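Peer 1: First the structure, then my questions, so here it is.
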Amino acid sequence: MKLVNHSEVIKRMKPRLMKNVIMRGLFLSATLFGLVVLGVLFYRVLTQGIGYLDFQFLTSLPSRKPENAGVYTALIGTVWLMAVVAPVSLLIGVGTAIYLEEYASKNKFTNFIQINISNLAGVPSIVFGLLGLTLFVRALSLGTSVLAAGLTMSLLVLPIIIVAAQEAIRSVPSELREASLGMGATKWQTIVRVVMPAAIPGILTGGILALSRAIGETAPLVVLGLPLFLAFLPRTVFDMFTVLPMQIYNWTGRPQEEFQSLAAAGIIVLLVLLILMNSIAVLIRNKFQKRY
């Protein structure tokens, strides 16, 4: 008596193998489509803007003449914006994640808060711009300052940082906490010396990705009313300023062909900043992953 009918097995295996080949082809096509679109975008930006990218472009103020225009004001403004967004969003975001994971009771109210935080991560950025316009620009009379824009962008990226930090803290093995508490450490000592060092790679990865989104967003800043053309640098967080995405948006709207090329050069500068931020995050993450 045969326990396995080989002809029946071969008959049933053929459609499964065919389906596997089709799905593999679909997934490969989706990956190649994304890579081709990204490659075309990079090629177009590099060929159009690389000729305008020099030291003068990086150190010149904006100008109505393309040959004299540069990104110095927008570059410094972007640094000012990140100087507000990074500490505000990371401190509040990581603090909220620690409370929700380590201190808050697991009940319906906590679940309600977590669901709403996750939903906020998917809200369109222009909604946060309207919130910032109402709260910071008009109610608190901060105007189109670095502080108003920084707080608005912090609101935009906070849900992303909170969710990423929660996942990182949740992934720390409970045995580490129990061993620390068993050795006589307090709850706070366990969090600071055991949980946070092990969770830092995940927290940093989520934080840098969130800051990368903040540095490239334009819609909330347009709603706040940030100037498209500014020929002076901010000195404090209460001064008016502009950023790289706003400068690029301004140049793309100009009819002269030279400004289109300047916009491509500005995009290259923005991409370099993003790559630098992500590289730093990868280095720090790898360093802590080796330790824990």
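Peer 1: Name the single residue, out of those in the range 162-191 being at pLDDT below 90 and in contact with a Lys or Arg (Cβ under 8 Å, 6 or more places away or on another chain), that is most open to solvent (accessible area, probe 1.4 Å).
Peer 2: Once the filter is applied, the top-ranked residue is 181.
Peer 1: Then there's this: When residue 128 is evaluated against the numbered criteria (1) among the aromatic types (Phe, Trp, Tyr); (2) open to solvent by less than 70 Å² (accessible area, probe 1.4 Å); (3) farther than 19 Å from residue 211 by Cβ, which criterion, by number, is the only one it fails?
Peer 2: Condition not satisfied by residue 128: (3).
Peer 1: For residues that are in a helix (DSSP H, G or I) and of a type outside the set (Val, Ile, Thr), scanning just the range 64-80, find the one that is farthest from residue 51 (Cα to Cα).
Peer 2: Keep residues of the range 64-80 that are in a helix (DSSP H, G or I), which gives 66-68, 72-80.
Okay, now just the ones that are also of a type outside the set (Val, Ile, Thr), so 66-68, 72, 74-75, 77, 80.
On the way: 66: 13, 67: 12, 68: 14, 72: 18, 74: 20, 75: 19, 77: 24, 80: 28 Å.
Only one residue fits best here, namely 80.
Peer 1: Out of all the residues in the range 145-161, which are out of contact with any Leu (no Cβ under 8 Å at 6 or more places or on another chain), part of a helix (DSSP H, G or I) and open to solvent by less than 10 Å² (accessible area, probe 1.4 Å)?
Peer 2: Passing the criteria: 154, 156.
Peer 1: Regarding the range 124-142, can at least one residue be identified that is over 17 Å from residue 227 (Cα atoms), at pLDDT below 85 and within 20 Å of the chain's Cα centre (by Cα)?
Peer 2: Within the range 124-142, none of the residues are over 17 Å from residue 227 (Cα atoms), at pLDDT below 85 and within 20 Å of the chain's Cα centre (by Cα).
Peer 1: Let me ask you something else. Tally the residues that are open to solvent by less than 30 Å² (accessible area, probe 1.4 Å) and in a helix (DSSP H, G or I), restricting the search to the range 209-245. Spell out how you get there, then give the answer.
Peer 2: Here is the first cut: in the range 209-245, the ones open to solvent by less than 30 Å² (accessible area, probe 1.4 Å) are 210-212, 214-215, 220-221, 224, 226-227, 230, 234, 241-245.
Filter again for in a helix (DSSP H, G or I), leaving 210-212, 214-215, 220-221, 224, 244-245.
The number of residues fulfilling the criteria is 10.
Peer 1: Also: Step by step: first the residues of the range 76-85, then only those that are open to solvent by less than 40 Å² (accessible area, probe 1.4 Å) and out of contact with any helix residue (DSSP H, G or I) (no Cβ under 6 Å at 6 or more places or on another chain), then the one that is nearest to residue 212 (Cα to Cα). Which residue is that? So that I can check it myself, show each step before the final result.
Peer 2: Keep residues of the range 76-85 that are open to solvent by less than 40 Å² (accessible area, probe 1.4 Å), which gives 77-78, 81-82, 84-85.
From what's left, out of contact with any helix residue (DSSP H, G or I) (no Cβ under 6 Å at 6 or more places or on another chain): 77, 82.
On the way: 77: 15, 82: 10 Å.
Filtering first and then ranking leaves 82.
Residue-wise test of (1) open to solvent by 80 Å² or more (accessible area, probe 1.4 Å); (2) modelled with pLDDT under 90.
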position: 24; (1), (2): yes, no
position: 27; (1), (2): yes, no
position: 32; (1), (2): yes, no
position: 36; (1), (2): yes, no
position: 40; (1), (2): yes, no
position: 50; (1), (2): yes, yes
position: 53; (1), (2): no, yes
position: 57; (1), (2): no, yes
position: 61; (1), (2): no, yes
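The values are calculated or read from the model by the stated rules, or taken from the named source; none is laboratory data. Predicted model, so just to flag it, every value in this text is computed and none were measured. A quick note on method: Cβ atoms are made from the backbone with ideal geometry, for glycine too, and the neighbour counts reach across all protein chains shown. All accessible areas refer to the heavy atoms of the entire protein, side chains included, with ligands and DNA or RNA removed. Shrake-Rupley method; radii C 1.70, N 1.55, O 1.52, S 1.80 Å.
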